[in-house]
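A short worksheet on the structure shown next.
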Amino acid sequence: MAQFTVPAPGPTGAVGKATDAVTIGEALQAAASDAPVDLVDAAAVQAAETRATGLGRVVLGGVAAAAQKAAETNMRLDAGEEKVRLRDVVGSATAVLPANKAVTREDARKVAAAAERNARGRRGGGGSDVADAVAAAAEMNQGKLTR
């Protein structure tokens, strides 16, 4: 079995070609669906962006900021009004993230925990598309990454 290493993001935030591992940006794009963005989704996207960039904060104008704005907008809309969809927020995540990295199990745990924390006490859940996509990416990456 071949071993792969995960290169650090370069100055443009791009992950090198030394691995075929799924990145956080790719996992976010895989989560794109017609579901309206809610606060649980926004929390999951924020956790994913923070893990991808390593900055420990939301990037101004980034995917997480867009998700938060979309969730707040959707909360103000009436039931019959057109809501901002998850695909509109995460559909181009790899292009928008200033840095990207291969998804690990730890990334998946952090994203799932953020979604779960924000889903408590809310009807309908939400956020599972993002957490599920990141978890699936981490599973696909098992065996492809070295520590």
Ordering Glu82, Glu49 by the accessible surface of their heavy atoms, 1.4 Å probe, largest first, yields Glu82, Glu49
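Quick one: if you take sqrt(5λ) for each eigenvalue of the C-alpha gyration tensor of region 46-139, what semi-axes come out, biggest first, whole angstrom? Present the calculation step by step, with values, prior to reporting the outcome.
Values: eigenvalues 100, 54, 27 Å².
Equivalent ellipsoid of region 46-139: 22, 16, 12 Å, largest first.
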Applied in sequence order to region 34-49, the curve 6.51 cos²θ - 1.76 cosθ + 1.60 (Karplus, θ = phi - 60°) yields integer Hz couplings, x standing for Gly and Pro, of 7, 5, x, 6, 10, 5, 5, 4, 4, 5, 5, 5, 4, 4, 5, 4
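If you stretched the chain out fully between Met140 and Glu72, how much longer would it get, using 0.36 nm times the residue separation minus the C-alpha to C-alpha distance?
Working: separation 68, 0.36 × 68 = 24.48 nm, distance 3.28 nm.
Value of the extension gain: 21.2 nm.
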Region 15-99 -> Rg/Rh from Cα coords, Kirkwood Rh, value 1.01
A correct Kirkwood calculation over the Cα atoms of region 56-107 returns a hydrodynamic radius in Å of 12.6 Å
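The values are calculated or read from the model by the stated rules, or taken from the named source; none is laboratory data. Note that the structure is predicted; figures quoted are calculated from it, not measured. What goes into the accessible areas is simple: the full protein's heavy atoms, side chains included, and nothing from ligands, DNA or RNA. Shrake-Rupley method; radii C 1.70, N 1.55, O 1.52, S 1.80 Å.
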